[in-house]
Amino acid sequence: MSGIVMPRPDDEVLARRGEIVAALKRLVPGEGVIDAAVEMRAYESDALTAYRQLPLVVVLPETVEQVSAVLRYCHENSVKVVPRGAGTSLSGGALPVGDGVLLSMMKFNQVLDIDPANRAAVVQPGVTNLGITRAVEHLGFYYAPDPSSQIACSIGGNIAENSGGVHCLKYGLTTNNVLGLEMVLVTGEVIRLGGKHLDAEGYDILALMTGSEGLLGVVTEVTVRILQKPETARAALIGFPTSEDGGQCVADIIGAGIIPGGMEMMDELAINAAEDFVNAGYPRDAGALLIVELDGPEAEVDYLLGEIEAIARRNKASSLRVSTSEEERNTFWAGRKAAFPAVGRISPDYLCMDGTIPRKALPEVLTRMRALGETHGLRCANVFHAGDGNLHPLILYDANQPGQLEAAEAFGADILKLCVEFDGVLTGEHGVGIEKRDLMPEMFTEDDLKQQQRVKCAFDPKQLLNPGKVFPVLHRCAELGRMHVHKGQLPFPDIPRF
Amino acid sequence: MSDTLSPRSADEVREAVQWAAAEEQPLEVLGTGSKRALGRPVQAAHALDLSALSGIMLYEPAELVISALAGTPLAEIEAALDAHNQELAFDPIDYGALLGHAPGAGTVGGMIGANLAGSKRLKFGAARDHILGMEAVSGRGEIFKSGGRVVKNVTGYDLPRTLTGSWGTLAVATRITLKVQPRAEMEATFVISGLNPREATQAMTAAMGSSAEVSAAAHLPPEIAAVLSAHGHALSGAATLLRLEGFASSVDYRFAALKALLQVGGTVSRLEAEASRALWRDVRDCRAFAGTDEHVWRISVAPTAGADFIARVQAAFACQAYCDWSGGLVWLAVSGEDPQADAVRAAVADVGGGHAMLVRAPAPLRTAVAVFQPQPEALAALSARIKAQFDPHGVLNPGRMGS
Ligand SMILES: Cc1cc2nc3c(=O)[nH]c(=O)nc-3n(C[C@H](O)[C@H](O)[C@H](O)COP(=O)(O)OP(=O)(O)OC[C@H]3O[C@@H](n4cnc5c(N)ncnc54)[C@H](O)[C@@H]3O)c2cc1C
């Protein structure tokens, strides 16, 4: 284990374990409660595998009533709860706590309603991202946000992380594609937000829930927007001598008023790792590779591909191929979509970072990143959502070499600080979790973070839901609520008044 | 109102709110005041006028981002974008005509406070879908920021989006950062004349469910189409409108695709460029009900429920209505003294739920009747706790969203 410290388990709760497990077994009968250590192993970490912790007990509810009863019990008895979907979080968002319940939502796996006329689908949170598309594709529809983990990750987890994917440039993130939720508050109260209609009727709590990393409530039902599949989609594979040229090409495409369906870039190390792994026909000698996908009516796609080809040539493209079949298009994407496992083959371990920067800063940030790699003595492969400036530097290291995990984490932290320095952010789509928790002050002032934590207090004043995540310093809600007021005479003589 | 404070900086906003919180003196938060007639009237001895906090701080067309102080006129933002062939994709409604004042009066802060959207809501979302970052002063008198200037960002809770549509009751926004979009090369409207509401719903549903990428869909019954044709739009009889935007060749292609798809009867015509834009502006801004003295409701339901909702309320009381958002947004004008709040809300519930906002009514009515959709108990209690965490002394726009 490395530098990130989790809150100390509460001995008093640990001492009550037998009683808590028995109570939960009454609330969720059958096989819904797992308390044997060997069986709980499967839940001890998410995709940030450097961190592991057995929970107090694992609970797999099947109904909203059970979720409500479990939360009410935990709230009344001051037991912590960590919600979990498929466990693919890269930021440790679903890492258990030793004195808390791990609440797996994966038995909520039903598609409840498909409503093509209103372009909506209602699903349970354990349905996988791809499962939604599978359920509606016979009607010609799909669910647009498509994280690379879409085969495995759950829509509940997508909401918690506001997940993105290559198609988010044109079609928006999870937050732009969710219409409604049913959720259970930590008190066990069930509330519904939104539905097949648009816009919130009060505060936009739906927006607040999206990206809240399991800290505010447990999602039990989701209404998403589904879209008609575009008539055609074609991709261009464009090689450039340097990332600077590729970056300029991206800026010029957007400058020309074109918003492609997807626009992804990879650097030399990532290109070669992907090519070794899937033989997608990537140009191994290119310094940067851009995949641009256009979708829509055929006439439009053909026209825009012509425009993009011209822009690419002006930016010194060293190679350019346009897909001529669905099969070829999928091959172009195969390398990019398998970039993480491909890098996993060339290095025993890797850490995936997730900062976002303004696009224009790309060349400078890449140069600085290379220098940082030399300082830390580690290599880094880069894949990024070029259209929206979301970087995924993959830091290669070997956990069996003493000190390498620490060096990789330090390198990662330096990369994220670099992103913030260029007016970017710590995480674009993977979430803060535990991984970036201690870096939050790089981006936010104490007042910024306190106001965020006060929001948490409105939902969960005892701070039982997913503790130890997102916020570097825990404040009690009573302390956060205190206000220092200075009663005064007529103030601010300088502000104009009428 | 006895006193108006006009801060020129975020620090001055903070000073003013700190004083208000200490003295428990409620503030009415205003941009230019263009939306004062919306929502429940605020009773406050002091106004906080943000119009001096104005100016575009950053606009980078190639990065598709703009950032401005909260009191910046929306018209100034739109002009800056226009000069670079860009726009706010969500096409915010201009309430000027409906509320009886000049158009183009609002500020960017007001747009965010009211979560404005336009006819293109179905495809491009509302203001909440385009906000990237915000700096604000909470009711506690503390400056905080959230979000940033990039689209992909999950660093902390999404407060900018949450505060969008909070009508200035949680915090006073001082600076707002938005995503912008290239303007479409051209547009055209596919007009079908003579459909009844049921046929129109079918046509809009089929069009929206096709790959023709329709950016807006509305249906105007004959009496509403007549009002708009008196404003110079080429309409006769009931009109079902489907808006197409994009590159020229693509628009033509999709127009033809719609023609092949929609064998619903009625006669098809095409409105080009400026004629199309002008018509959609009036549909968006509810021009049909401008200058009358009826009570006007804005109702949000599932798109296929719109026509059914209209049929129900028209059977129950005297009113006029049309729908936008492929049926999902109903504009309803009720004549007479009574705005029929209970009947309107019962009809919303009967067609599957949604919400109804009373957008135009005299102030006493907007105090007596719930302007916003009443919420179930647990949700209302949660909203009240959120309010208390931002504004414990209740000094920002008290009562604006409800008593
Ligand atoms: C190989 C790989 C590729 C990836 N690619 C992408 C990508 O392209 N884009 C992207 O955005 N992410 C990507 N991810 C990250 C990850 O898949 C997403 O964050 C995903 O949304 C997590 O979903 P999950 O179901 O696995 O959630 P988990 O990992 O189980 O949990 C994630 C968070 O959600 C909370 N949570 C889960 N379910 C609920 C619920 N029902 N109610 C409340 N809170 C809940 C948990 O408490 C936790 O905080 C990738 C991960 C891997 C391993």
> Given chain A, what whole percent of its Cα pairs are spread farther than 33 Å?
Replying inline: 42 percent
>> Restricting to lysines 8 or more places apart or on different chains, can you count the pairs in chain B with Cα atoms under 25 Å from each other?
In response: 13
> Which of the aspartates and glutamates could a cross-linker bridge to A:LYS80, judged by Cα under 12 Å and excluding same-chain residues fewer than eight apart?
Replying inline: A:ASP10, A:ASP99, A:ASP460
> Over region B:176-326, what is the mean sequence separation of C-alpha contacts under 8 Å (at least six apart), divided by residue count, expressed as relative contact order in percent?
Replying inline: 35 percent
> Does a label point 7 Å from the Cα of A:ASP276, set along Cα-to-beta-carbon, have any residues of region A:326-353 with amide nitrogen under 14 Å, and which are they?
Replying inline: A:339-350
> Taking all pairs of different Cα atoms in region A:223-316, averaging 1/r and flipping that mean, what Kirkwood radius in angstroms comes out?
Replying inline: 14.1 Å
> What stretch of chain B, leaving out the sites themselves, is the longest with no GluC sites (Glu not before Pro) in a DSSP loop having at most 11 other Cβ atoms within 10 Å?
Replying inline: B:25-336
>> Show me the three semi-axes of the equivalent ellipsoid for region A:346-452, from the C-alpha gyration tensor (sqrt of 5 times each eigenvalue), largest first, rounded to whole Å.
In response: 22, 17, 12
> Where q = 0.09, 0.16 Å⁻¹, what log10 of I(q)/I(0) comes from the Debye formula for region B:1-160, counting one point per Cα?
Replying inline: -0.31, -1.00
> How do A:TYR397, A:TYR43 rank when sorted from fewest to most other Cβ atoms within 10 Å of their own Cβ?
Replying inline: A:TYR43, A:TYR397
> For region B:1-66 and region A:349-413, what is the separation of their Cα centres, given in Å?
Replying inline: 42 Å
> Rounded to the nearest 500, what is chain B's calculated 222 nm mean residue ellipticity when only DSSP H runs of at least 4 contribute -39500 (n - 2.57) each, over all residues?
Replying inline: -9500 deg cm²/dmol
> Where in region B:337-382 are there trypsin sites (Lys or Arg not before Pro) that are in a DSSP coil and have at most 15 other Cβ atoms within 10 angstrom of their Cβ?
Replying inline: none
>> Sequence gap at least 6, Cα distance under 8 Å: using those rules, report the relative contact order of region A:232-340 to the nearest whole percent.
In response: 46 percent
> Which FRET efficiency value, to the nearest 0.05, do you get for B:THR267 and B:GLU185 by plugging their Cβ-Cβ distance into 1/(1 + (r/R0)^6) with R0 = 25 Å?
Replying inline: 0.35
> Label points 7 Å out from Cα along the Cβ direction at B:SER51 and B:GLN25: separation in nm?
Replying inline: 2.1 nm
> Within the P(r) computed for chain B, what percentage of the Cα pairs occupies the region above 27 Å?
Replying inline: 51 percent
> Stretch B:GLN43-B:ALA378 to full length: gain in nm at 0.36 nm per residue minus the Cα-Cα span?
Replying inline: 117.9 nm
> If you build a Gaussian network model of chain B, linking Cα atoms that sit under 10 Å apart, which residue out of B:ALA368, B:ALA321, B:ALA349 swings the most?
Replying inline: B:ALA368
> A:ARG52 to A:GLU19: extension gain in nm, 0.36 nm per residue of separation minus the Cα-Cα distance?
Replying inline: 9.4 nm
> Working out 0.36 nm times the residue gap between B:ARG385 and B:SER249, then minus their Cα-Cα distance, what length gain in nm do you get to one decimal?
Replying inline: 43.7 nm
>> Given the options B:PRO339, B:PRO374, B:THR304, identify the residue whose Cα lies farthest towards the positive end of the charge dipole of region B:287-377 (+1 on Cβ of Lys, Arg; -1 on Cβ of Asp, Glu).
In response: B:THR304
>> Can you compute the charge dipole magnitude of region A:232-340 about its Cα centre, using +1 on each Lys and Arg Cβ and -1 on each Asp and Glu Cβ, nothing else charged? Give it in debye, rounded to the nearest 20.
In response: 160 debye
>> Given 20 °C and 1.002 mPa s, compute D for region A:1-126 with the Stokes-Einstein relation, Rh being the Kirkwood radius over Cα pairs; round to the nearest whole µm²/s.
In response: 138 µm²/s
> Given 10 Å bins starting at zero, what is the percent of C-alpha pairs of the protein assembly as shown in each, up to the one with the largest pair distance?
Replying inline: 2, 12, 22, 26, 21, 12, 4, 0, 0
> Spin-label point model (7 Å from Cα, Cβ direction): what's the A:ASP113 to B:ALA349 distance in nm?
Replying inline: 1.7 nm
> How many percent of Cα pairs in region A:140-295 exceed 25 Å?
Replying inline: 45 percent
> With contacts defined as alpha carbon pairs under 8 Å and 6 or more residues apart, what's the relative contact order of region A:111-228 in percent?
Replying inline: 32 percent
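Readers should treat all values here as calculations from the given coordinates under stated rules, not as data from a laboratory. Owing to the predicted nature of the structure, the values given are computational and were not obtained by experimental measurement. Cβ: placed from backbone, ideal geometry, glycine included. Neighbour counts: every protein chain shown.
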